[in-house]
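Taking it in order: structure first as structure tokens, then the write-up.
The values are calculated or read from the model by the stated rules, or taken from the named source; none is laboratory data. Only a predicted model underlies this, so the values are computations on that prediction, with no experimental measurement involved. Using ideal geometry, Cβ is built from the backbone for each residue, glycine included, and neighbour counts are taken over all protein chains shown. With ligands, DNA and RNA removed, areas are computed over all heavy atoms of the protein, side chains included. Shrake-Rupley method; radii C 1.70, N 1.55, O 1.52, S 1.80 Å.
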Amino acid sequence: MHTLSNAAVAQEAHRLLAQMGCPASLSAWYLGLQAGPAGPGQNPIAVTSPIDGAELAQAPSATRADYDHLLAECQAAYAVWSQMPAPKRGEIVRQIGDALRQHKEALGKLVSIEAGKITQEGLGEVQEMIDICDFAVGLSRQLYGLTMHSERPQHRMYEQWHPLGVVGIISAFNFPVAVWSWNSMLAAICGNVCIWKPSEKTPLTAVATHYIASKVLADNGLPAGIFALYLGGREQGTWMAEDPRVALVSATGSTRMGRAVGQAVAQRMGKTLLELGGNNAIIITPSADLEMAVRATVFGAAGTAGQRCTTTRRLIVHADVYDQVKDRLVAVYQKLTIGNPLEGNLVGPLIDEAAVQMYESALASAQAEGGRLLVGGKRRAVAGLEGGHYVEPAIVEAQNSYTTVQEETFAPILYLIKYNGGVEEAVQIQNDVKQGLSSAIFTLNMREAEYFLSHRGSDCGIANVNIGTSGAEIGGAFGGEKETGGGRESGSDAWRNYMRRQTNTINYGTALPLAQGISFDV
Ligand code: NAD
């Protein structure tokens, strides 16, 4: 198979950017779209491709003056956007969905180049953006409030939903563009404007996405401040966390980041939507369809090189089928193709060298705690891509109580844990971590499945039966409990996060009765 040379990966990224209408250099983008008072930004960050380590661009970090300038643009845009009827806002979102359809191949490939996902997953990420646009368009004719009966005669009570104002979005590297769309498309139909700070590791895809959305705004004569973007790292993220002009901060990333953002926003009584780390498990019971369970485990644990918040990190297997599952998994892992994500391999690179080091140190400490490495566990050199960050997906026999197992290591390490008793024991092991994002059980036993789904079962935001932990559809509310942060994004009634509820009572009679029958006659 043809291997792209170092220069070719960077060249391809620039070709894709040009194809989507973005300027050749990020400085040009910065000057053109962000033209704040301070010029070309500070401390440019080198953006490299995890595929081969090649530098793709220098990304200028926003200055505080740039940020304030953008915020003012957002506030001005809010005055226009919030006045438009929601279905008209939906029409703009529909056009963004169409523009994403048009650029699906290019943006999906750029996601692969910048984040290291295999092509199929890069395309899947853009499809998710399109799906959420479609979902938001339908919602723009809904946004329902309830009506309720008043205890007072000739009174009517109802509740309605209003936009919040400026919504801030902080996103992680591993879903560099989908997370923006989950938040911004719903926030937009609700009448909010959005300001986005993507991960400092993936600014190119953010700029491309911003171009696509900005063009739709411009074509419709709408202000650019409806969807604002600025670049930078942790410091730039703290600005919106501390800024009372940002009504809601939706932050996706590590629990460490969420703790800091959550505290800063709470300090000023703002709203947060936190989507943080997971430590997801699949339970395999004796009645499971083992072939299905193994396939779901491999996709969940080794897919996206273990860099999904919903990645399967723990496999809790009953003793009766433990050896069978173990042998089958080890055999499949040995066949996984690792290499260039653009060229049909199943496992691409980790995001950077620091991620490789975390993978190595987690494997070392799991083994120091008594874990037994069954397969993988080494760096993998890929010919022609020497600067890339490739590792072999690993399986380690472990105990749930190990410190290493309790933590989320953002890499393809699967901990294999044996249980001997009933489903209650398996669920107890599964819940015995600090995170609570995604969970799954493989069983053909209806009682086990229902126990898993009952209030005594999984304590996670997502609980699946005979489906793995990763790869959620956008129609359901997405998010998790405990240290995962409690936020819900995407489908169902997650739109309510982006609105404020107002209860209205209207008196259409001639008397002024008080609630609870209180008498206060003057
Ligand atoms: P990260 O926490 O390092 O960074 C995420 C974002 O937060 C980046 O934009 C970063 O610049 C910003 N940031 C970091 N510290 C900040 C601070 N103190 N204040 C404000 N902003 C700050 O995460 P990452 O390495 O990019 O992504 C991986 C993590 O994200 C994993 O833990 C993964 O589970 C989690 N994640 C969760 C979800 C979810 O929906 N639950 C989805 C994707 C990723």
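Given only helices, namely DSSP H runs of n ≥ 4 each adding -39500 (n - 2.57), what is the per-residue ellipticity at 222 nm of the chain, to the nearest 500 deg cm²/dmol?
On the way: 16 runs with 208 residues, N = 522.
It comes out at -12500 deg cm²/dmol, rounded to the nearest 500.
If the viscosity is 1.306 mPa s and the temperature 10 °C, what translational diffusion coefficient in µm²/s does Stokes-Einstein give for the range 345-450 when Rh comes from Kirkwood over Cα pairs? Working shown, then result.
On the way: Rh = 15.5 Å.
It diffuses with D of about 102 µm²/s by this estimate.
DSSP loop GluC sites (Glu not before Pro) in the range 375-447 with at most 13 other Cβ atoms within 10 Å of their Cβ, which ones?
On the way: sites: Glu386, Glu397, Glu407, Glu408, Glu424, Glu425; in loops: Glu386, Glu407, Glu408.
Here the sparse-neighbourhood loop sites are Glu386.
From zero outward in steps of 10 Å, how is the percent of C-alpha pairs of the range 280-474 spread across the bins?
10, 39, 36, 13, 2, 0
Can you sort Asp459, Asp219 by 1.4 Å-probe accessible area, starting with the largest?
On the way: Asp459 50, Asp219 105 Å².
Largest accessible area first, the residues go Asp219, Asp459.
For the range 223-309, what percent of Cα pairs sit more than 15 Å apart?
Working: 2576 of 3741 pairs.
When every Cα pair of the range 223-309 is considered, 69 percent fall beyond 15 Å.
How large is log10 I(q)/I(0) at q = 0.12, 0.18, 0.24 Å⁻¹ when the Debye formula is applied to the Cα atoms of the range 262-323, each weighted equally and without solvent?
-0.45, -0.69, -0.96
How large is log10 I(q)/I(0) at q = 0.14, 0.19, 0.20 Å⁻¹ when the Debye formula is applied to the Cα atoms of the range 96-164, each weighted equally and without solvent?
-0.59, -0.79, -0.82
Among DSSP bridges having both ends in the range 280-474, what percentage is antiparallel? Round to the nearest 5.
Of all bridge pairs located within the range 280-474, approximately 15 percent are antiparallel.
Could I have the simple spin-label model distance between Gln102 and Gln516, label points 7 Å from Cα toward Cβ, reported in nm to one decimal?
Roughly 6.0 nm, to one decimal.
May I ask you to give the percent of accessible area on the range 280-474 that is carbon plus sulfur, with a probe radius of 1.4 Å? Could the numbers behind the result be given before it?
Details: 3840 of 7700 Å².
Ligands and nucleic acids excluded, carbon and sulfur reach 50 percent.
Report the antiparallel proportion of the DSSP beta bridges in the chain as a percent, rounded to a multiple of 5.
Here the antiparallel bridges make up roughly 40 percent for the chain.
Cross-link partners among aspartates and glutamates for Lys482, C-alpha distance below 14 Å, same-chain residues fewer than 8 apart left out?
Answer for Lys482, where 14 Å is the Cα cut-off: Glu275, Glu407, Glu408, Asp432, Asp459, listed by chain and number.
Give me the tail of P(r) for the chain as a percent: Cα-Cα pairs with distance above 46 Å. All intermediate terms of the calculation are to be shown ahead of the outcome.
On the way: 21728 of 135981 pairs.
Tail of the P(r) past 46 Å holds 16 percent of the pairs.
Please work out the average accessible area per residue across the chain, using the 1.4 Å probe convention, and give it in Å². Walk me through the intermediate numbers first.
Details: 21120 Å² over 522 residues.
Roughly 40 Å² per residue, with all protein chains present.
Based on Cα positions only, what radius of gyration and what Dmax would you give for the range 371-522, in angstroms?
24.6, 89
Can you pull the percent of the range 137-211's accessible area that's carbon plus sulfur, 1.4 Å probe, other chains left in place? Intermediate values should be presented prior to the final figure.
Values: 1170 of 2280 Å².
Solvent-exposed carbon and sulfur of the range 137-211 make up 51 percent of the total.
Chymotrypsin sites (Phe, Trp or Tyr not before Pro), restricted to the range 479-516: which are DSSP loop and have at most 14 other Cβ atoms within 10 Å?
Working: sites: Trp495, Tyr498, Tyr508; in loops: Tyr508.
Those that pass, being in a loop and sparsely packed, are Tyr508.
List the trypsin sites (Lys or Arg not before Pro) in the range 124-206 that DSSP assigns to loop (not H, G, I, E or B) and whose Cβ has at most 15 other Cβ atoms within 10 Å. Which are they?
On the way: sites: Arg141, Arg156, Lys201; in loops: Arg141, Lys201.
When the trypsin sites (Lys or Arg not before Pro) of the range 124-206 are filtered for loop state and at most 15 Cβ neighbours within 10 Å, Arg141 remain.
Quick check on my link table: of Lys378/Lys434; Lys109/Lys215; Lys201/Lys326; Lys201/Lys434; Lys197/Lys326; Lys104/Lys201, which ones sit more than 30 Å apart, alpha carbon to alpha carbon? Could you put the intermediate results ahead of the total?
Values: Lys378/Lys434 28 Å; Lys109/Lys215 20 Å; Lys201/Lys326 35 Å; Lys201/Lys434 27 Å; Lys197/Lys326 42 Å; Lys104/Lys201 21 Å.
Correct reply: Lys201/Lys326; Lys197/Lys326.
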